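Visitor: Before I ask anything, let me first share the structure, which is written out below as structure tokens.
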Amino acid sequence: MTQAKRFDKPECLDVMTWAGKWGDSLEKVVSARFTELTGVPVRHHTNIGLRLPERLHDALRTRKRPPYDVVWSNAVPAVAMAELDYCQVFDEDDMPSLAELYERARPTGFADRLVFPYSVHYVLVYLKPAVEARALKSWDILMEQRHAGKIAVYPNGKGFYPIAQVLGGGSIDSVPENMQPCWNYLAGFRPRIAVLDYSIGMESLFRTGSINLCFRALPNALGFIEAGLDVGWTIPEEGTSDTTDALWIPRHVPEDRAYWARKYIDVALSAGVQSEWCSRLGALPANKRAEASAIFDGPGFPRNMDDTGGFLYVPDAVMWRHEAQWEAIFEQLPSVGC
């Protein structure tokens, strides 16, 4: 860290994070290691959901100092920011860990300003008293009448589109050109959904028996179990989809802060931190030298972040370009109980 002589250590680094298991893992592994190495404390700013905070948008639009030095967000809004030239270009001399990553972690067209620190796979979470594990062979369990009105998915159906495409009789290879099988399936499935929400508050719905089945990211499923809920999770035989998140530095962060922001991201991508952080989350690490959780030895998961043949993979660029359109179509479908 010889360049540190050019920049005084800030009183803290401001990092946008999520709540729950996500934020806890970032704070206890990434931020703790960064502070240990640099002596710079980290101030965490919680954001709920996948949309970026309006005050960040306002700062970028008006060319003012952003409220965060590092943003940890879903890949789709991050790419939108990169396309608007709202992300700073990385200085790879400050970030040697970038050279150790799987190809997918450096998104085509945006590798100089965005990095995906892991990939996250979706699973089907089930309430054990209401659903027998042997009944979970197929995603078709979602269409059983006894579970109607007791199902939860993410807002706008996020993440479920590749699965719906297959369940509707279509192929992943025909996405996005022919999505009619997806819409046919979702037209029947949408009225059965009781909850379209993120995971904050989902625990109480399981505890009261308000939901039996929940389409969730694996980290959230593991969080439910750690919280003592009587639930399990599985990947049905048709397979599952995944998503990616991003780390990036907003435009107009002063260079003295941007230097330390680059160092923070570099720490997050280092092999040792990746091994612990991603194991805590239940995510597949981006660093080739990191050790993936034993969970990924199980059926339904790819071998590593570049193993896109191991699940229902829709190319990242397709997701970036079409997800907003898919969400709009989903919201136009008839619903009951939502």
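The values are calculated or read from the model by the stated rules, or taken from the named source; none is laboratory data. Since we're looking at a predicted model, the values are computed, not measured. Cβ placement follows ideal geometry from the backbone for every residue including glycine, while neighbour counts extend to all protein chains displayed. These area figures cover heavy atoms from the full protein model, side chains too; ligands, DNA and RNA do not enter into them. Shrake-Rupley method; radii C 1.70, N 1.55, O 1.52, S 1.80 Å.
Visitor: For the chain, report the accessible area per residue in Å² (1.4 Å probe, heavy atoms, rounded to an integer).
Guide: Counting only protein heavy atoms, the per-residue value for the chain is 41 Å².
Visitor: Return a whole-number percent for the relative contact order of the range 28-129, with Cα pairs under 8 Å and 6 or more residues apart as the contact set.
Guide: Numbers: 49 pairs, mean separation 17.1, N = 102.
Reported relative contact order: 17 percent.
Visitor: Around Pro302, under 13 Å between beta carbons, what's the net of Lys plus Arg minus Asp minus Glu among the other residues?
Guide: Every neighbour counted, the sum reads -2.
Visitor: Moving on. For Lys21, what is the net charge nearby, where nearby means another residue's Cβ is under 13 Å from its Cβ and Lys, Arg count +1, Asp, Glu -1? The partial results should precede the final answer.
Guide: On the way: positive: Lys28, Arg216, Arg280; negative: Asp24, Glu27, Glu203, Glu226.
Neighbour charge sum, excluding Lys21 itself: -1.
Visitor: Among Lys28/Lys150; Lys64/Lys263; Lys64/Lys158, which pairs are too far apart, with a Cα-Cα distance over 26 Å? Present the calculation step by step, with values, prior to reporting the outcome.
Guide: Details: Lys28/Lys150 34 Å; Lys64/Lys263 23 Å; Lys64/Lys158 32 Å.
Check vs 26 Å cut-off fails for Lys28/Lys150; Lys64/Lys158.
Visitor: What net charge do the residues around Ser199 carry, taking every other residue with its C-beta under 15 Å from that of Ser199, with Lys and Arg at +1 and Asp and Glu at -1?
Guide: On the way: positive: Lys21, Lys158, Arg207, Arg216; negative: Asp24, Asp197, Glu203, Glu226, Asp245.
Residues close to Ser199 contribute a combined charge of -1.
Visitor: When 1/r is averaged over all different Cα pairs and the result inverted, which Kirkwood radius in Å belongs to the range 71-118?
Guide: Over the range 71-118, the inverse of the mean reciprocal pair distance is 11.1 Å.
Visitor: Can you tell me the equivalent ellipsoid semi-axes for the range 226-338? Use √(5λ) from the Cα gyration tensor, largest first, whole Å.
Guide: Three semi-axes, in Å: 29, 24, 16.
Visitor: Share of the chain's accessible area from carbon and sulfur, percent, 1.4 Å?
Guide: Carbon and sulfur: 48 percent of the exposed surface of the chain.
Visitor: Could you tell me the extents of the chain's C-alpha atoms along the three principal axes, largest first, rounded to whole Å?
Guide: 65, 39, 34
Visitor: Related question: Which value in deg cm²/dmol, rounded to the nearest 500, describes the helix-derived mean residue ellipticity at 222 nm for the chain, given -39,500 (n - 2.57) per DSSP H run of n ≥ 4 and division by the residue count? Write down the numbers at each step before the final one.
Guide: Numbers: 11 runs with 105 residues, N = 338.
Computed ellipticity for the chain at 222 nm equals -9000 deg cm²/dmol.
Visitor: Can you tell which of Ala246, Val267, Phe301 lies farthest toward the positive end of the dipole of the range 235-338, using +1 and -1 charges on the Cβ of basic and acidic side chains (Lys, Arg; Asp, Glu)?
Guide: Val267
Visitor: Can you pull a Stokes-Einstein diffusion coefficient for the range 16-152 at 20 °C (1.002 mPa s), Rh from Kirkwood over Cα pairs, as a whole number of µm²/s?
Guide: It comes out at roughly 117 µm²/s.
Visitor: Relative contact order for the chain: what percent, with Cα pairs under 8 Å and sequence separation of 6 or more?
Guide: Reported relative contact order: 28 percent.
Visitor: On alpha carbon coordinates alone, what is the Rg over Rh value for the range 235-274, Rh being the Kirkwood radius? Don't jump to the answer; show the numbers that get you there.
Guide: On the way: Rg = 16.1 Å, Rh = 12.8 Å.
Ratio of gyration radius to Kirkwood radius for the range 235-274: 1.25.
Visitor: Pull up the DSSP beta bridges for the chain and report the antiparallel fraction as a percent, rounded to 5. Please list the in-between numbers first.
Guide: On the way: 21 of 33 bridges.
Approximately 65 percent, going by the DSSP bridge assignments.
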